[in-house]
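The values are calculated or read from the model by the stated rules, or taken from the named source; none is laboratory data. Everything numeric here is computed off the predicted structure, so don't read it as measured data. Positions of Cβ are generated from backbone atoms using ideal geometry, with glycine treated the same way; all protein chains shown enter the neighbour counts. SASA here: full protein model, heavy atoms, side chains in, ligands and nucleic acids out. Shrake-Rupley method; radii C 1.70, N 1.55, O 1.52, S 1.80 Å.
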Amino acid sequence: MKVIKTIEELRPIIKAWRKEGQSVGLVPTMGYLHEGHKSLIVKAAAENDRVVVSDFVNPTQFGVNEDLASYPRDIARDARVCEEAGADLIFHPEPEEMYFRDSCTFVNMGKLTEGLCGKTRPTHFQGVCTVVCKLFHIVAPDKAYFGQKDAQQLAVIRRMVRDLNFDIEIVGCPIVREEDGLAMSSRNTYLDDAERAAALILHKSLMLGKEMIGQGEHDAAKIKEAIMQNIKSEPLARIDYVEIVNPDTMENVDTVEGAALIAMAVYIGKTRLIDNIVIVNDKNKCRLL
Ligand code: PAF
């Protein structure tokens, strides 16, 4: 697998592909790739002539007391995953390659980034939008692939692409789960055995919400309260947030009608995990999107 470390090396490769009329898909990641990432790469390989995977632990999206230093990294393993999944190359820059020491241009978004993860991570989406915007300029893909696990990130990126007129199709891909329901995440590696077992409370609580809606409960406050009580029954869990929102605007809904996103962030020990489901509740028929 070709691992390219500089923008200068990457641009001519993409230019040559373009000259041959080939389409390009981009899968932006922070590395330590798991089955969730692999599913994005496989989809990108099926839908494009060429696939670039960016593998960059982006410092600007981490808050001061967050896990930037300890975030897992293993480029050799990532290269094997990319090879298997059908990528053409990995773009793996150093932070100094991506950011000038005196960089002062950032992409900021209002409302969409203020709730949910943005509440406790106020600088996170500025970092995400800025690095994704830069990757879009560097790679200029036809399509870019993002996981639905970061539901707010997906909505934010879709909005940024619309607002800034990027000619890029954003493809959202379903959450990939372990057999027992835990959503795949590079941060799952932080969990010890007891925490790994406790982490199931996220998915179980989402399923409780789905069940309530399926049984005819539409009151978002009641569903949210039941989910929160369920999470609190797990001693190793501490809630950051549980919200029921419109999946496009991230605004709270009072009643679950049409599509609703139930999203949560929960600390299991010191590890902050996120998970979500999108429920479509049409004419009293409830299904997962
Ligand atoms: O989802 C991620 O891994 C990151 O937020 C992203 C989109 C690669 C930007 O650094």
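The lone criterion from (1) buried (at least 20 other Cβ atoms within 10 Å of the Cβ); (2) assigned to a loop (DSSP other than H, G, I, E, B); (3) among the hydroxyl-bearing types (Ser, Thr, Tyr) left unmet by residue 70 is number (1). Checked against the criterion of being within 17 Å of the chain's Cα centre (by Cα) and of a type outside the set (Ser, Thr, Tyr), the candidates 235, 247 yield just one match: 247.
Restricting to the range 44-71, count the residues that are more than 16 Å from residue 90 (Cα to Cα) and charged (D, E, K, R). Spell out how you get there, then give the answer.
Pass one, the range 44-71, residues more than 16 Å from residue 90 (Cα to Cα): 46-47, 59-71.
Restricting the remaining residues to those that are charged (D, E, K, R) gives 47, 66-67.
Qualifying residue count, the range 44-71: 3.
Open to solvent by 20 Å² or more (accessible area, probe 1.4 Å), within 15 Å of the ligand (Cβ to nearest atom), not charged (D, E, K, R) and not in a helix (DSSP H, G or I) - does that describe any residue in the range 88-101? For the range 88-101, residues open to solvent by 20 Å² or more (accessible area, probe 1.4 Å), within 15 Å of the ligand (Cβ to nearest atom), not charged (D, E, K, R) and not in a helix (DSSP H, G or I): present. What are the residues in the range 115-141 that are surrounded by fewer than 19 Cβ atoms within 10 Å (Cβ to Cβ) and part of a loop (DSSP other than H, G, I, E, B), if any? 115, 122, 123, 140, listed by residue number. Among 244, 201, 223, 268, which is the only one that is under 26 Å from residue 109 (Cα atoms) and either hydrophobic (A, V, I, L, M, F, W, C) or modelled with pLDDT of 95 or more (or both)? Answer to the selection: 244. Residues in the range 178-194 that are more than 13 Å from the ligand (Cβ to nearest atom), under 16 Å from residue 265 (Cα atoms) and open to solvent by 30 Å² or more (accessible area, probe 1.4 Å): 190 alone. Here's a check for you: in the range 45-67, which residue that is in a strand (DSSP E or B) and away from the ligand (no atom under 13 Å from the Cβ) is most open to solvent (accessible area, probe 1.4 Å)? Among residues in the range 45-67 that are in a strand (DSSP E or B) and away from the ligand (no atom under 13 Å from the Cβ), the one most open to solvent (accessible area, probe 1.4 Å) is 50.
Looking at the range 24-38, which of its residues are part of a strand (DSSP E or B) and out of contact with any Asp or Glu (no Cβ under 8 Å at 6 or more places or on another chain)?
Filtering the range 24-38 for residues part of a strand (DSSP E or B) gives 24-29.
Across the range 24-38, the qualifying residues are 26, 27, 28.
Looking only at residues in the range 128-177 that are touching a residue at least 60 places away in the same chain (Cβ under 8 Å) and small (Gly, Ala, Ser), the one that is farthest from the ligand (Cβ to nearest atom) is 140. Residue pairs whose Cβ atoms lie under 8 Å apart, sitting 6 or more positions apart in sequence or on different chains, and linking a residue in the range 53-67 that is hydroxyl-bearing (Ser, Thr, Tyr) and at pLDDT 95 or above to a partner that is open to solvent by 30 Å² or more (accessible area, probe 1.4 Å) and not in a loop (DSSP other than H, G, I, E, B), are 60/126.
Scanning the range 11-44 for residues that are more than 16 Å from the ligand (Cβ to nearest atom) and either of a type in the set (Lys, Arg) or closer than 23 Å to residue 97 by Cβ (or both) yields 11, 12, 13, 14, 15, 16, 17, 18, 19, 24. Sub-8 Å Cβ pairs linking a first residue in the range 205-227 that is under 15 Å from residue 258 (Cα atoms) and open to solvent by 50 Å² or more (accessible area, probe 1.4 Å) to a second residue that is in a helix (DSSP H, G or I) and of a type outside the set (D, E, K, R), at least 6 apart or interchain, are 217/223, ordered by first then second residue.
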